[in-house]
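Here is the structure we will look at, set down as structure tokens.
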Amino acid sequence: MNTTLTVKGQVTIPKQLRDALGLTPGSQVQFALGKDGEVVLRKAGRVAPQRRDRFEAARGKAQVKWKTDELMALLRD
């Protein structure tokens, strides 16, 4: 798997490797240099907490007291 180094020194970790290591956005990784000059990538211990989407948090919380037909009748009168 090849990837390209950006001018900022960043690389994209291929999806197959992210999946194999269980990496998600906010995951910390650790780099090490192997004895033959290869770079070793490991998942670091702690994962940053993910912020919950505000719309996902509100989903299913509404208390609807009327049915659609009743609402439409109310709006049309």
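Restricted to the stretch 1-38, and to residues that are part of a loop (DSSP other than H, G, I, E, B) and of a type in the set (A, V, I, L, M, F, W, C), which residue is farthest from Arg51 (Cα to Cα)?
Looking at residues that are part of a loop (DSSP other than H, G, I, E, B) and of a type in the set (A, V, I, L, M, F, W, C), I get Met1.
Residues checked against (1) modelled with pLDDT under 90; (2) of a type in the set (Val, Ile, Thr):
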| position | (1), (2) |
| --- | --- |
| Ile13 | no, yes |
| Leu23 | no, no |
| Gly26 | yes, no |
| Lys35 | yes, no |
| Arg46 | yes, no |
*Of the residues that make up the stretch 50-62, is at least one out of contact with any Asp or Glu (no Cβ under 9 Å at 6 or more places or on another chain), of a type in the set (D, E, K, R) and either in a strand (DSSP E or B) or under 19 Å from Met1 (Cα atoms) (or both)?*
no
Note: among Ala58, Ala73, Ala44, just one is under 25 Å from the mean Cα position of the chain (by Cα) and surrounded by 10 or more Cβ atoms within 10 Å (Cβ to Cβ), namely Ala44
Matching residues in the stretch 48-77 (modelled with pLDDT under 75, within 28 Å of Lys15 (Cα to Cα) and of a type outside the set (S, T, N, Q)) number 4
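The values are calculated or read from the model by the stated rules, or taken from the named source; none is laboratory data. Fair warning: this is a prediction, and the values are worked out from it, not measured in the lab. All Cβ positions, glycine included, derive from the backbone under ideal geometry; neighbour counts span all protein chains shown.
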